[in-house]
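Engineer: Sharing a structure with you now.
The values are calculated or read from the model by the stated rules, or taken from the named source; none is laboratory data. Given the structure is predicted, the values throughout are model-derived calculations rather than measurements. We place every Cβ from the backbone using ideal geometry, glycine too, and count neighbours over all the protein chains shown.
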Amino acid sequence: MSIGKAVIRPLKDSLDGVPVHVRQLAEMFRKHGRKQDRNTSEVQNLDATDVTHPLKDGWKPDGWTPNDVVGAGKGDRPNPSDYLDDDYIRTHLDQFQNGGTHFYRTGSLEGYGPGNNMAADGSNTTYIFPTDKLDELMQQVDSPEDLGEALGLGRDFFAGGDVQVRDFAPHELDGLRMPSGNEGGTDADKWIPGGYLPSGIPEAVIDIPDYAKGTNNGIYNPGEWPGSPRPFSL
């Protein structure tokens with residue numbers, strides 16, 4: 001069973017008759033889900049009908065459409081507050097009240113630190129998933145390959161054991177906000193507005209202090225980095 005049938009198609013069907021902005025977003029989820037082409041038979045409770053349900057009321061009816069936002073291109077996409085209601089944004093970010101988590105490749109983390117300053121404005125940020133929801137997902141998937149696919153990282157992301165998990169406590173979620181799609185580390189071909197991955201996993205962005213550096217910056221100061229490491233295991 002493909003992710004399009006198991007997860008994305010119910011989402012699209014459930015949005016028939018809702019505003020065009022939401023149906024456009026559902027179509028984006030469907031297309032991106034089809035590209036992922038993975039078996040989801042072992043993944044439980046990923047009910048994609050919940051993914052964009054709040055957007056029925058949360059997407060502003062006039063102005064930007066999902067296609068417009070994506071089509072503006074990385075670096076020129078609008079602030080999410082331009083097309084999402086404040087209540088939707090607040091509800092989405094409330095999912096991170098117990099902290100956030102990011103997976104790093106060891107070489108990247110040690111070389112650059114926990115942030116990614118490749119954005120056009122030079123900001124030092126990182127994407128995070130809600131720690132509690134991520135932990136639930138890790139109990140549901142059958143393999144590291146399935147986890148990598150569900151998180152949009154690719155099936156081989158966890159291969160080789162060179163991955164580190166870093167949990168950011170609630171007080172370390174500086175600048176917690178909806179992703180705009182302009183951040184460093186954004187996959188320009190897969191990013192979708194609204195704060196969710198095609199598999200239904202919430203995501204957000206936080207600021208990383210500029211002093212949190214790695215060896216490629218000439219400074220290696222992990223003791224000053226925000227977040228706490230933990231072993232990766234399924």
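Engineer: Being polar (S, T, N, Q) and at pLDDT below 90: is that true of Asn39 here?
Structural biologist: Answer is yes for this residue.
Engineer: Sticking with this structure for a sec: For Ile219, all conditions in the list (1) out of contact with any Pro (no Cβ under 9 Å at 6 or more places or on another chain); (2) surrounded by 18 or more Cβ atoms within 10 Å (Cβ to Cβ) hold save one; what is the number of the exception?
Structural biologist: Condition (2) is where Ile219 drops out.
Engineer: I've got another one for you. When only residues in the stretch 146-162 that are in contact (Cβ under 8 Å) with a residue 24 or more places away in the chain and buried (at least 18 other Cβ atoms within 10 Å of the Cβ) count, which is nearest to Ser199 (Cα to Cα)?
Structural biologist: Looking at the filtered set, the residue picked out is Ala150.
Engineer: Tell me which residues, restricted to the stretch 165-193, are farther than 16 Å from Pro130 by Cα and either buried (at least 19 other Cβ atoms within 10 Å of the Cβ) or basic (Lys, Arg) (or both).
Structural biologist: Of everything in the stretch 165-193, those that are farther than 16 Å from Pro130 by Cα and either buried (at least 19 other Cβ atoms within 10 Å of the Cβ) or basic (Lys, Arg) (or both) turn out to be Ser180, Gly181, Asn182, Glu183, Gly184, Thr186, Lys190, Trp191, Ile192, Pro193.
Engineer: Still on this structure: With respect to the numbered conditions (1) at pLDDT 90 or above; (2) within 18 Å of Pro198 (Cα to Cα), which one is the sole condition not fulfilled by Ser81?
Structural biologist: So the condition that Ser81 fails would be (2).
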